[in-house]
1. Would you check which residues across region 20-44 are surrounded by fewer than 24 Cβ atoms within 10 Å (Cβ to Cβ) and out of contact with any Lys or Arg (no Cβ under 7 Å at 6 or more places or on another chain) and list them?
2. Check 96, 134 and return the single one that is more than 18 Å from residue 15 (Cα to Cα), among the small types (Gly, Ala, Ser) and in contact with a strand residue (DSSP E or B) (Cβ under 9 Å, 6 or more places away or on another chain).
3. Please go through region 128-163 and give me each residue that is aliphatic (A, V, I, L, M) and surrounded by fewer than 20 Cβ atoms within 10 Å (Cβ to Cβ), ordered by number.
4. Got a sec? Which strands (runs of 3 or more DSSP E) wholly within region 123-216 have at least 1 residues that are basic (Lys, Arg) and closer than 28 Å to residue 56 by Cβ?
5. For region 223-253, give me each residue that is touching a strand residue (DSSP E or B) at 6+ places or on another chain (Cβ under 8 Å) and over 19 Å from residue 128 (Cβ atoms).
6. Mind checking which pairs have a first residue in region 171-191 that is on the phi < 0 side of the Ramachandran plot and a second that is part of a helix (DSSP H, G or I) and among the acidic types (Asp, Glu), Cβ under 6 Å, 6 or more apart or different chains?
7. What strands (runs of 3 or more DSSP E), lying completely within region 1-116, carry at least 1 residues that are more than 19 Å from residue 271 (Cα to Cα) and either within 16 Å of the ligand (Cβ to nearest atom) or touching a Ser or Thr at 6+ places or on another chain (Cβ under 8 Å) (or both)?
Amino acid sequence: MSSATHLDLSVQLGRLRLPNPILVASGTFGYAREMEGLVDVHRLGGILPKTITQEPRAGNNPWRTLETAAGMLNSIGLDNDGIEAFVAHHMPYLASLGVPIIVSIAGRSHDEFVQMTARLEGVPGIAAIELNISCPNVSGGVDFGTDAAMCERLVADCRAASSVPIIAKLTPNVTSIPTMAKAAAAGGADAISLINTCLGMAIDWRRRRPMLGNVMGGLSGPAIKPIALRAVYQAAQAVETPIIGIGGIATIDDVMEFLVAGASAVQLGTVNFYNPKASMEVLDALPNALTTAGVTNVADIVGTLVTGKSSTKS
Ligand SMILES: Cc1cc2nc3c(=O)[nH]c(=O)nc-3n(C[C@H](O)[C@H](O)[C@H](O)COP(=O)(O)O)c2cc1C
């Protein structure tokens with residue numbers, strides 16, 4: 001029997017328990033069906049399908065994606081078929097996988113977020129709801145993620161509208177990550193995901209035109225990993241609420257860095273496009289990495305960074 005068999009990979013995020021801390025990020029894994037031939041999706045700690053909205057959305061004009069140095073820009077604009085089509089056509093398949101499904105939602109208003117949360121109550125197979133209050137590619141998409149009072153009220157009302165655990169996904173495009181993390185925590189979020197993409201742009205100077213149809217877009221991939229690590233560290237210093245780290249994660253070393261910085265779980269995003277097996281690779285490598293770190297469960301490595309500085313938790 002190897003020492004790895006004594007390891008406990010499960011993680012607890014507020015009311016949400018996951019079999020392991022390796023999740024796939026919204027918008028980068030389709031509705032899982034697309035990935036089934038490439039990835040043993042049943043092994044994942046959780047799957048976040050593409051964000052859904054109340055009504056179907058066509059998304060933004062092309063171009064919508066663009067490769068950059070060590071990353072990509074996207075301005076998809078939440079292209080999706082709407083909540084009813086998701087519940088009818090995607091949720092039965094997702095529920096059949098036996099993997100925690102964390103449904104990502106984006107409302108156009110406070111009330112729409114709350115209504116969508118309530119609508120999902122009782123739909124079989126939903127382990128949690130992630131509030132996408134951080135999409136840079138839709139008008140008004142980040143208001144709830146940049147205004148602390150709006151964020152706290154939204155999280156509180158969504159939590160009250162459903163018995164399903166609520167996760168707030170925050171944007172890095174703010175002055176103070178701790179302020180927004182504290183607002184989400186005060187609203188009762190079971191966990192806080194960060195980061196969504198960093199607002200960026202690309203220009204074709206010869207044509208004097210933006211490369212993206214929507215002019216600006218979200219930067220993701222390895223290029224943003226240091227920003228994401230910093231955001232996770234700052235949030236973990238500021239709140240007791242579990243953090244889900246996202247941003248440029250592609251290898252087991254990336255995963256371990258995020259855990260040490262204070263994340264209790266991680267989501268892999270852009271890497272799914274250029275190395276679809278990355279989530280399986282890090283799952284394979286996780287037991288050895290934990291053993292190397294001298295711990296027997298994931299929680300024992302979370303937030304163990306030594307800096308000599310005191311935390312700002314209140
Ligand atoms: C093409 C694309 C589409 C995305 N769509 C969504 C989305 O629908 N909802 C969401 O919350 N995040 C979306 N994201 C953001 C990712 O979930 C993730 O937060 C971000 O890309 C940072 O992680 P990464 O660097 O590992 O990709 C999208 C990212 C990409 C690249």
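1. Across region 20-44, the qualifying residues are 20, 28, 32, 33, 34, 35, 36, 37, 40, 41, 42, 43.
2. Exactly one of 96, 134 is more than 18 Å from residue 15 (Cα to Cα), among the small types (Gly, Ala, Ser) and in contact with a strand residue (DSSP E or B) (Cβ under 9 Å, 6 or more places away or on another chain), namely 134.
3. Of everything in region 128-163, those that are aliphatic (A, V, I, L, M) and surrounded by fewer than 20 Cβ atoms within 10 Å (Cβ to Cβ) turn out to be 148, 149, 150, 156, 160, 161.
4. Ranges flagged: 166-169.
5. Scanning region 223-253 gives 223, 224, 227, 228, 229, 231, 236, 247, 248, 249, 250.
6. 183/152; 186/152; 187/152
7. Hits in region 1-116: 11-13, 16-18, 101-105.
Rundown of residues vs (1) crowded, with 20+ Cβ neighbours inside 10 Å; (2) on the phi > 0 side of the Ramachandran plot; (3) of a type in the set (A, V, I, L, M, F, W, C); (4) touching a helix residue (DSSP H, G or I) at 6+ places or on another chain (Cβ under 6 Å), yes/no style:
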{"site": "53", "(1), (2), (3), (4)": "yes, no, no, no"}
{"site": "56", "(1), (2), (3), (4)": "no, no, no, no"}
{"site": "62", "(1), (2), (3), (4)": "no, no, no, no"}
{"site": "74", "(1), (2), (3), (4)": "yes, no, no, no"}
{"site": "89", "(1), (2), (3), (4)": "no, no, no, no"}
{"site": "96", "(1), (2), (3), (4)": "no, no, no, no"}
{"site": "101", "(1), (2), (3), (4)": "yes, no, yes, yes"}
{"site": "110", "(1), (2), (3), (4)": "no, no, no, yes"}
{"site": "126", "(1), (2), (3), (4)": "yes, no, yes, yes"}
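The values are calculated or read from the model by the stated rules, or taken from the named source; none is laboratory data. This structure is a prediction, so every number in the text was calculated from the model and none was measured. Cβ atoms come from the backbone with ideal geometry, glycine included; neighbour counts cover every protein chain shown.
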